[in-house]
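The values are calculated or read from the model by the stated rules, or taken from the named source; none is laboratory data. What you are looking at is a predicted structure, and each value in this text was computed from that prediction instead of being measured. Neighbour counts are summed over all protein chains in view; Cβ atoms, including those assigned to glycine, are modelled from backbone coordinates with ideal geometry. The accessibility values were calculated without ligands, DNA or RNA, using every heavy atom of the protein model including side chains. Shrake-Rupley method; radii C 1.70, N 1.55, O 1.52, S 1.80 Å.
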Amino acid sequence: MQLAASLKPLILRGSLDEAFSLWSIAPPTDPEFATAARLVVPAFISAGRAAEVSHVLETAAASNPNLVWLIQLQVQVATALGDQPGRLRHLRHAFELQPGTPGPYAALTADLVSADMADSADAVAQEHAAHVCFAMQRLTTWQAPPKTELAVDPQSVRTRRLFLDLLERAVSNWIYGDAANVMGKLIPFDPDRRRLGKDIPEHGHTMIGLERLRHLRTMVEEVLERGVPGDLVEAGVWRGGACILMAGVLEAWSDDHRRVVAADTFAGLPPPDPRYPKDALTTFNFHLREELSIGAAQVRSNFERYGLWGPRVVLLEGLFCNTLPQYPYGPIAVLRMDGDLYSSTMDTLVHLYDRVSPGGIVISDDYGVVIDARRAVLDFRAQRGITSEMLRVDKDAVFWRKPG
């Protein structure tokens with residue numbers, strides 16, 4: 001709190017020039033920059049010196065334009081300066097980062113109406129309504145079906161169940177309880193976080209947690225039971241654990257016809273894609289995180305450790321915008337999306353959704369926690385007029401069944 005602590009007495013005694021000099025030379029990367037900005041900006045607006053503050057905030061925005069607190073201050077400054085175009089620009093940015101929250105939406109629509117931009121206000125209202133209607137807390141939670149023993153050969157059913165239960169615990173490394181990687185720092189195993197998929201295992205082969213693994217397994221078993229044709233596809237596989245589980249389900253069910261297709265760059269996440277303006281709205285720098293980059297050779301090795309590598313497993317390597325338009329296989333029974341970005345999610349839906357068989361399953365792993373993925377899902381569903389009910393798996397993932 002050194003920067004903020006130094007600024008507070010200067011502001012209280014009215015030494016604004018000294019306060020501004022101290023704050024303006026602080027790098028925007030300083031952890032206290034936001035706290036200091038909240039101290040300085042109201043004082044300078046009150047003193048009629050909003051233009052000076054606006055200059056520093058614009059400098060900060062050059063390093064990271066998608067900071068919500070920064071945009072809120074930019075709105076305050078533009079309002080104080082009487083800069084209505086600037087206020088509208090910043091309000092639109094705030095809404096785009098948080099389209100489901102009432103504050104930015106209400107202020108933006110009011111400004112659009114006053115600027116005689118009714119069509120734009122309608123589009124904003126529709127997007128806001130979609131994010132409110134399909135917010136995680138408003139979705140029905142999926143309930144796992146009760147376990148039942150089939151009359152025919154119940155022993156083989158129990159053996160299959162035991163194998164798949166063990167496989168779930170193995171790919172998540174629940175068994176050994178390894179440490180979790182948090183921005184390069186290892187912290188001790190937390191069973192609740194591992195169950196909910198809220199950590200990055202040091203050695204485990206998936207980070208989606210036991211609850212989403214159980215849902216994925218159940219969905220694969222469902223399409224097998226109902227005879228929904230098609231392969232099992234994951235777009236964004238990391239170390240391959242979810243695909244390993246799907247391959248294990250096929251093995252346990254003696255299904256020799258379906259593929260498991262693991263699509264990934266196998267080189268980490270790409271930077272925002274200029275083809276999609278909404279990609280630039282991300283507040284996550286996934287492309288800078290080295291722990292998300294797992295090579296194809298390592299993923300293949302992980303399959304081999306379980307004895308599940310074989311002709312049925314395909315690694316589809318490359319950017320989704322390059323590989324998925326030429327997707328070389330047939331129908332899809334389960335499509336699981338875990339690409340995080342707007343562009344990755346939208347490319348997956350645009351190029352693979354039509355291949356999903358009637359009755360097939362579409363899963364978005366990131367919907368609840370990464371707004372970029374949620375935006376892409378809602379935009380695609382709106383563009384295609386998809387009304388199938390979305391169900392919540394947990395606080396992160398959703399899914400729907402394709403009609404038919």
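Odds and ends about this structure:
- The single condition among (1) of a type outside the set (Phe, Trp, Tyr); (2) open to solvent by less than 90 Å² (accessible area, probe 1.4 Å); (3) more than 19 Å from ASN302 (Cβ to Cβ) that ARG194 does not meet is (3).
- Residues of region 236-273 that turn out to be in contact (Cβ under 8 Å) with a residue 12 or more places away in the chain and more than 16 Å from SER172 (Cβ to Cβ), as a count: 23
- Verdict on GLU291 being open to solvent by 20 Å² or more (accessible area, probe 1.4 Å) and within 23 Å of ALA397 (Cα to Cα): yes
- So ARG212, is it closer than 30 Å to ARG289 by Cβ, open to solvent by less than 60 Å² (accessible area, probe 1.4 Å) and modelled with pLDDT of 95 or more: yes
- Exactly one residue out of PRO325, PRO311, PRO358 is under 30 Å from PRO274 (Cα atoms) and either in contact with a Gly (Cβ under 9 Å, 6 or more places away or on another chain) or free of Cβ contacts under 8 Å to residues at least 40 places away in the same chain (or both): that is PRO325.
- Criterion violated by THR348 - all others in (1) outside any helix (DSSP H, G or I); (2) under 15 Å from the mean Cα position of the chain (by Cα); (3) β-branched (Val, Ile, Thr) satisfied: (1)
- Taken across region 325-332, residues that are touching a Ser or Thr at 6+ places or on another chain (Cβ under 7 Å) and within 21 Å of ILE244 (Cα to Cα) do occur, with at least one present.
- Wholly enclosed helices (runs of 4 or more DSSP H) of region 97-209 bearing at least 1 residues more than 22 Å from GLY86 (Cα to Cα) and among the hydroxyl-bearing types (Ser, Thr, Tyr): 154-171
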